[in-house]
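Trainee: Below is a structure I'd like to ask you about.
The values are calculated or read from the model by the stated rules, or taken from the named source; none is laboratory data. Since the model is a prediction, treat every value here as computed from it, not as a measurement. Positions of Cβ are backbone-derived with ideal geometry, glycine not excepted, and every protein chain shown enters the neighbour counts.
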Amino acid sequence: MPRSDPLEEAVRYLEGLGAPKPSVGVVLGSGLSGFAESLEQLSRVPYERIPHMPRSTVPGHPGNLSFGKVGSTPVACMEGRVHLYEGHGAHRVVFGVRLLAALGCSSVLLTNAAGGIAEGLAPGDLMLIVDHLNLTGQNPLVGDNDDSMGPRFPDLSRAYAPELCATARRAAREADVELKEGVYAAMLGPSYETPAEIRMLRTLGANAVGMSTVLETIALCHRGVRVGAVSCITNVAAGLPGALLDHAEVEAVARAAAPRFARLLTGWIQGAEPGGH
């Protein structure tokens, strides 16, 4: 008897519930899940009900797949994600975004909470990710390649789709939201970085650091899905003036930035849909 495909099982389950087909996917990081409440025609499915969907154990990640609309754009929002440091393998970490792609999302917008490294980045700032450093030591494409999902050696030179970056900049201007830009470094975690590691990251060209997003970007690029990403800078990284490394503070800063974040994301989502402005 042939083995069933976990993604296909998850899609069949959601289609059986009558879930609408989304065109844009969103992953909401630590403290940012409240955006899902703004969706019109909102419906939620807890992760634990979706076959094979891994569940987050981290505060600030509620663990729902939410469907709805932003204007006329059908959206699927992941309220929280799982991370390598929770003990999941790379393939499990990217199951959620692969599910968004399998449901029909041609664009996926990723968000996260991150520590600011570059001068001029302060808690509460929003940073458009224009490139990344994968320092997790993991890659979700390791192993046999499924040619139906993507090529053996995908090109990441335009991992963060230039057209989605342009749409984000336009949405920020229209929403009167300051949007900075930079390179995001992904570390394994869960411990925060040492001051020496932050100096290393700055030397390597990183502007912000976190523990997510990059594996999702790789998996989505492999599938041919357009990727955009924004970090909410929630703390100053270790060894820098004003550094405060506490997850509760990370969540609090992200929640405080949520109204600006929501204005940006609302315009960005509508522009990210194929044929959007």
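Trainee: Answer yes or no as to whether residue 125 is crowded, with 17+ Cβ neighbours inside 10 Å and of a type in the set (Asp, Glu).
Mentor: It is true that residue 125 is crowded, with 17+ Cβ neighbours inside 10 Å and of a type in the set (Asp, Glu).
Trainee: So the check is Cβ under 6 Å with 6+ separation or different chains; which pairs have a first residue in region 5-33 that's of a type in the set (Val, Ile, Thr) and a second one that's assigned to a strand (DSSP E or B)?
Mentor: Short answer, once both residue conditions are applied: 24/73; 24/75; 24/107; 26/77; 26/109; 27/78; 27/110.
Trainee: Can I ask one more? Confirm whether residue 45 is assigned to a strand (DSSP E or B), over 13 Å from the mean Cα position of the chain (by Cα) and at pLDDT 95 or above. Don't jump to the end; show me each part of the working.
Mentor: Working: assigned to a strand (DSSP E or B): yes; over 13 Å from the mean Cα position of the chain (by Cα): yes; at pLDDT 95 or above: yes.
So residue 45 passes the test.
Trainee: OK, next. Give just the number: which of (1) closer than 23 Å to residue 104 by Cβ; (2) touching a Leu at 6+ places or on another chain (Cβ under 8 Å) does residue 182 not satisfy?
Mentor: Unmet condition: (1).
Trainee: Ok, one more. Kindly check whether there is at least one residue in region 131-151 that is surrounded by fewer than 21 Cβ atoms within 10 Å (Cβ to Cβ), in contact with a Phe, Trp or Tyr (Cβ under 6 Å, 6 or more places away or on another chain) and either within 24 Å of residue 5 (Cβ to Cβ) or aliphatic (A, V, I, L, M) (or both).
Mentor: no
Trainee: Out of curiosity, is residue 142 within 22 Å of residue 185 (Cβ to Cβ), in contact with a Lys or Arg (Cβ under 9 Å, 6 or more places away or on another chain) and of a type in the set (A, V, I, L, M, F, W, C)?
Mentor: no
Trainee: Another question, if that's okay. Please verify whether region 187-205 includes one or more residues that are over 23 Å from residue 109 (Cα atoms), assigned to a loop (DSSP other than H, G, I, E, B) and of a type in the set (Val, Ile, Thr).
Mentor: For region 187-205, residues over 23 Å from residue 109 (Cα atoms), assigned to a loop (DSSP other than H, G, I, E, B) and of a type in the set (Val, Ile, Thr): present.
Trainee: Being on the phi < 0 side of the Ramachandran plot, of a type in the set (A, V, I, L, M, F, W, C) and at pLDDT below 70 is true for just one of 256, 238, 252, 262. Which residue is that? Show your work before the answer.
Mentor: Values: 256 fails: at pLDDT below 70; 252 fails: at pLDDT below 70; 262 fails: at pLDDT below 70.
So the residue among 256, 238, 252, 262 that is on the phi < 0 side of the Ramachandran plot, of a type in the set (A, V, I, L, M, F, W, C) and at pLDDT below 70 is 238.
Trainee: Scan region 57-67 and give yes if some residue there is over 24 Å from residue 250 (Cβ atoms), of a type outside the set (Phe, Trp, Tyr) and crowded, with 21+ Cβ neighbours inside 10 Å, otherwise no.
Mentor: So far as region 57-67 goes, no, none of its residues is over 24 Å from residue 250 (Cβ atoms), of a type outside the set (Phe, Trp, Tyr) and crowded, with 21+ Cβ neighbours inside 10 Å.
Trainee: Something else now. Looking only at region 100-122, which residues are part of a loop (DSSP other than H, G, I, E, B) and surrounded by 23 or more Cβ atoms within 10 Å (Cβ to Cβ)? Explain how you work it out, then say what you get.
Mentor: Just the residues of region 100-122 that are part of a loop (DSSP other than H, G, I, E, B), to begin with: 104-106, 117-122.
Correct list: 105, 117.
A quick yes/no check of all residues on (1) under 16 Å from the mean Cα position of the chain (by Cα); (2) surrounded by 21 or more Cβ atoms within 10 Å (Cβ to Cβ); (3) closer than 22 Å to residue 233 by Cβ; (4) not aromatic (Phe, Trp, Tyr):
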position: 27; (1), (2), (3), (4): yes, yes, yes, yes
position: 40; (1), (2), (3), (4): no, no, no, yes
position: 71; (1), (2), (3), (4): no, no, no, yes
position: 92; (1), (2), (3), (4): yes, no, no, yes
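Trainee: Continuing with the same structure: Cβ-Cβ under 9 Å, sequence separation 6+ or interchain: first residue in region 143-156 and under 21 Å from residue 99 (Cβ atoms) and without any contact (Cβ under 8 Å) to a residue 24 or more places away in the chain, partner part of a loop (DSSP other than H, G, I, E, B) and hydrophobic (A, V, I, L, M, F, W, C). Which pairs?
Mentor: 145/153
Trainee: Would you check if residue 174 is surrounded by fewer than 24 Cβ atoms within 10 Å (Cβ to Cβ), over 15 Å from residue 116 (Cβ atoms) and within 18 Å of the chain's Cα centre (by Cα)?
Mentor: Values: surrounded by fewer than 24 Cβ atoms within 10 Å (Cβ to Cβ): yes; over 15 Å from residue 116 (Cβ atoms): yes; within 18 Å of the chain's Cα centre (by Cα): no.
Taking the combined requirement at face value, the residue does not satisfy it.
Trainee: To continue, here is another question. If you check residue 167 against the conditions, is it closer than 25 Å to residue 224 by Cα and outside any loop (DSSP other than H, G, I, E, B)? Walk me through it before giving the result.
Mentor: Details: closer than 25 Å to residue 224 by Cα: yes; outside any loop (DSSP other than H, G, I, E, B): yes.
For residue 167, the condition - closer than 25 Å to residue 224 by Cα and outside any loop (DSSP other than H, G, I, E, B) - is met.
Trainee: Among the residues of region 5-40, write down those that are assigned to a loop (DSSP other than H, G, I, E, B) and either charged (D, E, K, R) or closer than 20 Å to residue 107 by Cβ (or both).
Mentor: First pass over region 5-40, keeping only residues assigned to a loop (DSSP other than H, G, I, E, B): 5, 17-23, 29-32, 39.
Once the filter is applied, which keeps residues that are assigned to a loop (DSSP other than H, G, I, E, B) and either charged (D, E, K, R) or closer than 20 Å to residue 107 by Cβ (or both), region 5-40 yields 5, 19, 20, 21, 22, 23, 29, 32, 39.
Trainee: If residue 70 passes every condition in (1) at pLDDT below 95; (2) within 20 Å of residue 254 (Cβ to Cβ) but one, which one does it miss?
Mentor: Tallying (1) at pLDDT below 95; (2) within 20 Å of residue 254 (Cβ to Cβ), residue 70 fails exactly one: (1).
Trainee: Still on this structure, please answer the following. Need pairs with beta-carbon distance below 7 Å; first residue within 15 Å of residue 112 (Cα to Cα) and within region 81-97, second of a type in the set (Asp, Glu) and crowded, with 18+ Cβ neighbours inside 10 Å; sequence gap 6+ or separate chains.
Mentor: Correct list of pairs: 94/216; 97/216.
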